[in-house]
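For reference, the structure discussed in these notes is given below.
The values are calculated or read from the model by the stated rules, or taken from the named source; none is laboratory data. Worth saying up front: this structure is predicted, and the values here are computed from it rather than measured. A quick note on method: Cβ atoms are made from the backbone with ideal geometry, for glycine too, and the neighbour counts reach across all protein chains shown. Note: areas computed on protein heavy atoms with side chains; ligands, DNA, RNA excluded. Shrake-Rupley method; radii C 1.70, N 1.55, O 1.52, S 1.80 Å.
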Amino acid sequence: MAYSAIGQLNVSASALQMALVVAGVANGGVIMTPHLMSQIRDSSGKLVQSFQPTPWLRATSQKAAATVTALMRTVVTASNGTGHGVFGPGEDVAAK
């Protein structure tokens, strides 16, 4: 149960679901409508349709999202964090 609580072992979430979770946290708790493209162009390169990001769900409060983001940054910055040393110095990165 402990491993499942941190996203390991018996977790049945898809990569898209987890991407939406992280994007929602990074976006202050708001999950945007998922899209696989930003625009459609015809064979001559003319713009046919463009998609603008739109909010879909509020998953959590801004305060909770900020707290989770700070904890995820610690994974990279703490000397015992699982992401320590993976990213270059001075990069602002949050990780699991």
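Quick look at the values:
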| item | result |
| --- | --- |
| Within the accessible area of region 1-72 (1.4 Å probe), percent carbon and sulfur | 63 percent |
| Zone of Ser50's modelled label, taken as backbone nitrogen in region 20-36 under 18 Å from a point 7 Å along Cα→Cβ | 35-36 |
| Residue-by-residue Karplus 3J(HN,Hα) for region 59-65, coefficients 6.51, -1.76, 1.60, Hz, glycine and proline x | 7, 7, 6, 4, 5, 5, 5 |
| Extent along principal axes [Cα atoms of the chain; Å; largest to smallest] | 53, 33, 28 |
| Average accessible area per residue (Å²) across the chain - probe 1.4 Å, nucleic acids and ligands excluded | 77 Å² |
| Shape of region 12-65, Cα gyration tensor, a/c cut at 1.5 | prolate |
| With DNA, RNA and ligands ignored, accessible area of Leu71 (1.4 Å probe; Å², nearest 10) | 110 Å² |
